[in-house]
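Q: Here it is, the structure, as structure tokens.
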Amino acid sequence: MFEILSDRAYRHLFLAQVVALLGTGLATVALGLLAYDLAGDGAAMVLGTVFTIKMVAYVGIAPVAGAFANRVDRRKLLVALDVVRAGAALCLPFVSEVWQVYVLIFFLQSASAAFTPIFQATIPDVLPEEARYTRALSLSRLAYDLENIVSPTLAALLLAVMSYNTLFLGTMAGFLASALFVVSVFLPSPKPEAPRGIYDRTTLGLRIYLATPRLRGLLSLNLAVASAGAMVLVNSVILVRGELGLSQSALGWTMFAFGAGSMMAALLLPRLLDNVKDRPVMFGGAWLMVATLLGFAATVSFFGISWSTLLLGWFLIGLGYSIVQTPSGRLLRKSAHAEDRPAVFAAQFALSHACWLLAYPLSGWLMTRFGTVPTLLILAAVALAGIFAALRFWPADTADDVEHTHDNLPPDHPHLQGHKRHSHALIIDDAHPHWGSHYSDAGRCREEIV
């Protein structure tokens, strides 16, 4: 897996991701403690609102950023966005009111909403071979896990000797270091073949995404991921500090358990994905998260909550979380042409976070209103609904190569190569506006999941 770090461009991008996520992980712990200081027992609602603001920014900004990513120099844009994120993080230690946290989080997460999908869409351009890209996805997942392992561990150690407000300065340093790594390499910026209007550019990624069966299935699995993940990210501080009465450092170790499960999955997945298709692997991870939520609810109901049970539950949720999340980049890569990838990655970013936009406030409200067990059961039900929807949208017999005909193209069109009926891996584009076996002169197709 680590041999791909010999590629200088990817190595610097990976290091940029690592340092940014180290800083983000510190902010995650600090925000939980800041919310507890500002709101006490209402911390779950404050965190739920913070995460909701984050998701609103992600859903609203990402498609626009993806639409214009090929119109500007990617390196300059990514560096500018890192600087904006660093500035917002620098202001967080000085807040004294909850509304100030909300404003700063909106600015920081708006910049992240533009940065992340453009960054993610650049990786397959740097590493075009599927095997190398698969390993890059696992490394990327490991980098995200640093937010849940190294950062909380570091936070736990730092909190023993200093105030949590100091952690925000580490967040600022992470974003500035990320900017330095990005500016040190050349980044390819594929250009679209034909000019498009603003509306067409803004909606392109969403249209490709929602027309592709595997991506509709991915969106449904994202709902399962968000439901289980929101339980961890929103309610851990209440479970650890409120119900168990443990220390601030215990919160860091609890998040460590979630990250440890995620990291174990990321280490095992590259070899597994060399031999098993993405679909059964991803569904297995989703079923694991649902089973864990239900099992944790049963344990708490009969035996009460304990820290050891919480750590085990969060480890298993982290395992399932990574099993679903890691292969998603492979699905996006095979579902779009190089010039359309920023738009498709932005669509995934926006739509997946729309799921989080539902799950975050729901999780916080349920915990505040009904307590631990009802929250676990309801979130498990939402995750289960996501799995059933994915089974419907992405059947097991869905084929990559689709035999089809074109009445929407002239006989001498280069795509046809003299054959009106042909078969190839279907990708939604101007010649294939829908998923199906026949394209009419009107540009429509008879939609068939094949």
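Q: Which count do you get for residues in the stretch 285-336 that are closer than 30 Å to residue 211 by Cβ and among the β-branched types (Val, Ile, Thr)?
A: 4
Q: Also: Specify which of the listed residues (237, 225) is of a type in the set (Val, Ile, Thr), buried (at least 22 other Cβ atoms within 10 Å of the Cβ), out of contact with any Pro (no Cβ under 6 Å at 6 or more places or on another chain) and closer than 23 Å to residue 140 by Cβ.
A: Answer to the selection: 225.
Q: If you don't mind, another one. Output the number of the condition that residue 83 fails; it satisfies all remaining conditions of (1) of a type outside the set (Lys, Arg); (2) crowded, with 17+ Cβ neighbours inside 10 Å; (3) touching a residue at least 24 places away in the same chain (Cβ under 8 Å).
A: Unmet condition: (2).
Q: Let me ask another. Scan the stretch 347-401 residue by residue and report those that are in a helix (DSSP H, G or I) and of a type in the set (S, T, N, Q).
A: Answer for the stretch 347-401, where residues must be in a helix (DSSP H, G or I) and of a type in the set (S, T, N, Q): 348, 352, 363, 368, 372, 375.
Q: Can you go through 135, 141 and tell me which one is of a type in the set (D, E, K, R) and at pLDDT 80 or above?
A: 135
Q: Of 142, 157, 137, which residue is part of a helix (DSSP H, G or I), surrounded by fewer than 18 Cβ atoms within 10 Å (Cβ to Cβ) and not β-branched (Val, Ile, Thr)?
A: Just a single option satisfies the conditions, and that option is 157.
Q: Also: Regarding the stretch 367-380, can at least one residue be identified that is within 30 Å of residue 65 (Cα to Cα) and either polar (S, T, N, Q) or at pLDDT 85 or above (or both)?
A: Taking every residue of the stretch 367-380 in turn, none turns out to be within 30 Å of residue 65 (Cα to Cα) and either polar (S, T, N, Q) or at pLDDT 85 or above (or both).
Q: Step by step: first the residues of the stretch 197-253, then only those that are in a loop (DSSP other than H, G, I, E, B) and in contact with a helix residue (DSSP H, G or I) (Cβ under 9 Å, 6 or more places away or on another chain), then the one that is modelled with the highest pLDDT. Which residue is that?
A: The selected residue is 212.
The values are calculated or read from the model by the stated rules, or taken from the named source; none is laboratory data. Not measured: the values here are computed from a predicted model. As a convention, Cβ positions derive from the backbone with ideal geometry for all residues, glycine included, and neighbour counts pool all protein chains shown.
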